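Participant: Just dropping this structure here.
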Amino acid sequence: MNCNFSHEEIDNYFEGEASVESSKVVSEHLKTCEECKVYYSSLVMTGKLIDTDIKLQESIFKNIENRIDRHKYRGKRRLYYKFTNLISRKSSILKPALALILLCFITIMAIGNYSNIIGSMKPDHNKVASNPDMSTEDVIKTLISSNGGFTSKLLVQSPTGSSANKEDLEQAKSVIIKRLNILSMTQHEVNVDLPNSCLNITGAWINKNNNDFKKTLTDLTVPGKLTFQETDTKAADVNGKYPRAGEIICDNNDIVSADYADNGVPGQKTINIKFNAQASAKFAEATKKLLHKQIGIFMDDNLLVAPVVQEEITDGNVILSLPDEANPDIIRAIISSKPLLSKVEITDIKFVNN
Ligand SMILES: [Zn+2]
C-alpha cells in the first residue's frame, strides 16, 4: 500500500479549489483507495473540528503537544520539528488546528509509509472544506478502520428514576459530547436511541493516551457538579476529609473557562478556573469572609481539595491545585461542561481494530 496519487490534488479538492475535472478524478480515486481515503478523512476531520468548536480547540494545543511522545517518534524527529516549528510560527487560533493536523499525520505515519504526505503539507490545510462530501459517520468509520476506536452504549435514566425522555437524552448527549471534545482523545459521534433510553457512541482514536478507556468513559459519566463551599474544618473525618457545611458559593454554571495552568511547582496538577462577573463578586466576598480559613471544593459529593484562602480573590481567577490521584484531563472536561442531570451508565463498550 503505497499510492502515488497527488496529495496536492486531494488538498485542492478538500479546499474547494480543484477544477471540475480534477474533482471528478479525486472523487473517483477516493472511492477505491483506502490510503488516500485515510488522508482525506484526516483533512475533513480537522476541518470539522475547527468548524464546530474553534474556541474549544484553542486550549487543547498545549494538551496535545504535551501528550505527543517525542521518543516514540524519534525516527521521525526531523518531521516532528518541522511541524512544531510550523505550528509555533502560527497565530494562537491556527496553532491548535495545525497541532491536530500534526496528530493526524503522526497517526497516519504510524500505519504506513506516508513520508510523501509530509512533503505536501501546507499551512492552508486548516481551511475548512467548503463542501466535504464525507459525512462525520464516514470519516469516523474510515479512521476506525485505519487506526482503531470504540463503540459504546450508555443507558440514561431520568432524574426521577424513570426511563429517559427526549429532553433527558438530549441533555445527556450534549454534556457527553462536550466532555469528549474537551478530552480530545477521539473524533466521535453520539446518537440518541429514544426507544431504548440509550446514547450510542462511535469514536475513532485521534489521541489515545491511556489503555483503560472504559474507565475514562466511566469517569466522564459522573454528574460532575463542581461546587465551592464553606467547610467546617473541625468536622474532618479520619482521612482528613471535610463534610460540606455552609452555603454553596459557586458552581459549574458560573465557570467561563477551565484551562491547564502552570503555577511554577513541578509535577503539580493545576487548573485555572475563570468565573463570570457575577460569580467573581460572590467569590470575592466569600474569600474575604473565609480569609485564612479553608474553602471546600467538591465534585458531586466528593471533596477534591480544601485549600486555605491566602488572600481575597477579586478577579474571578482561581488556580485549582489538584490532589495527586486526580486526573486533570477528566476534571477539566467535566467542569467545563454542565452537570449531567440524568444517571448515565455504560452498558456496553467494544473496541475495534485496537
Ligand atoms: Zn490513493
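Readers should treat all values here as calculations from the given coordinates under stated rules, not as data from a laboratory. Nothing here was measured: the structure is a model prediction, and the numbers come from that model. Positions of Cβ are backbone-derived with ideal geometry, glycine not excepted, and every protein chain shown enters the neighbour counts.
Participant: So if R0 is 30 Å, what FRET efficiency would GLU167 and VAL309 give, r being the distance between their Cβ atoms, rounded to the nearest 0.05? Let's see the in-between values first.
Facilitator: Details: r = 39 Å, r/R0 = 1.30.
It comes to 0.15.
Participant: As an exercise, use a Förster radius of 56 Å and the Cβ-Cβ distance of ALA326 and GLU21 to find the FRET efficiency, rounded to the nearest 0.05.
Facilitator: On the way: r = 56 Å, r/R0 = 1.00.
So the FRET efficiency works out to roughly 0.50.
Participant: Express the relative contact order of the stretch 226-335 as a whole percentage, based on alpha carbon pairs under 8 Å and six or more residues apart in sequence. Could you put the intermediate results ahead of the total?
Facilitator: Working: 212 pairs, mean separation 32.3, N = 110.
Dividing the mean separation by the residue count of the stretch 226-335 yields 29 percent.
Participant: In the structure displayed, which of LYS178/LYS288; LYS37/LYS338; LYS208/LYS274 lie more than 31 Å apart, Cα to Cα? It would help to have the intermediate numbers written out before the result.
Facilitator: Details: LYS178/LYS288 34 Å; LYS37/LYS338 36 Å; LYS208/LYS274 28 Å.
Beyond 31 Å: LYS178/LYS288; LYS37/LYS338.
Participant: Principal axis lengths of the stretch 226-335 from Cα atoms, whole Å, largest first?
Facilitator: 32, 32, 25
Participant: Take every DSSP beta bridge whose two residues both sit in the stretch 226-335, then give the antiparallel share in percent to the nearest 5. List each step's numbers first, then the result.
Facilitator: Numbers: 24 of 25 bridges.
The antiparallel fraction comes to roughly 95 percent.
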